[in-house]
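The values are calculated or read from the model by the stated rules, or taken from the named source; none is laboratory data. Note that the structure is predicted; figures quoted are calculated from it, not measured. Glycine also receives a Cβ, built like all others from the backbone with ideal geometry; neighbour counts cover every protein chain displayed.
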Amino acid sequence: MMNLYLSKKEFDIHAVYNALAMIDSYFSRLEHLLVLSLPFVKSNQSYDMKKFIGEIWSKKYVEVLGLKGEAKRIFDELNTIKERYRNTFAHGGFEKKGHSFHFHLENYGAIPATMSDYKNSVHFRSTPLDKKKFQQICKLLDDLDNFFSENFESVWMFCLSGLDLIMDNKSLSLMLYKAMDLEIFEDWLENENERLCNYINADY
């Protein structure tokens, strides 16, 4: 029984470290993905790329994906894990609006329980995450990847290609034109990658 308990505690401890690193990395990747997406979703509209890059992640998300249906659900849940885990532990364990004040019991000391009516606060046992919560975070990040790949196929293909986004009018117009047909776009991406590799290796 004790071995089972210790094994579960070890999983929870690793879940905390992995989840915090994973959330930080994912939000960084998400912002990069949203920037690369902008020319595709705004192909017939004017936009200010420099200004867009400087926006916070949530504004980028809304601009590119909108807030309807599945996009809204994912956005709300991302906001929750960002506030509950990433922001809390990136700022010394303190949440906003006094949600992180703890209390002391005489003769016992600090009690790891949050005095808050904020339902989304981190609630500690001996660790702030368990297996179920860790799996929920993983599923949410997978849900967003799947949403992108299913609803923004050309964007997803471009991001997976590893190519840089070239913003001059001629290059951008050509890319967007090729992206209108996914099979043609796939061939174009392969050719561009091969051309880039040849250039890098001075294999002209």
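For this structure, a couple of remarks:
Yes/no matrix, rows are residues, columns are (1) under 19 Å from Y47 (Cβ atoms); (2) surrounded by 14 or more Cβ atoms within 10 Å (Cβ to Cβ):
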residue	(1), (2)
V155	yes, yes
L160	no, no
I166	yes, no
A179	yes, yes
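- Within the range 23-53, tally of residues that are among the small types (G, A, S) and within 22 Å of N169 (Cβ to Cβ): 3
- Tally of residues being more than 14 Å from the chain's Cα centre (by Cα) and part of a loop (DSSP other than H, G, I, E, B) across the range 43-75: 11
- Contact map, the range 145-158: first residue under 17 Å from G69 (Cβ atoms) and in the same structural domain as E31 (by TED's automatic domain parsing), second residue of a type in the set (G, A, S) and modelled with pLDDT of 95 or more, Cβ cut-off under 6 Å, separation 6 or more or different chains; the map is empty.
- Within the range 50-69, residues that are over 15 Å from R29 (Cβ atoms) have Cβ atoms under 6 Å from residues that are at pLDDT below 95 and hydroxyl-bearing (S, T, Y) in no pair, counting only partners at least 6 apart in sequence or on another chain.
- Set side by side, the residues L196, L141 differ, and just one is among the aliphatic types (A, V, I, L, M) and at pLDDT below 90, which is L196.
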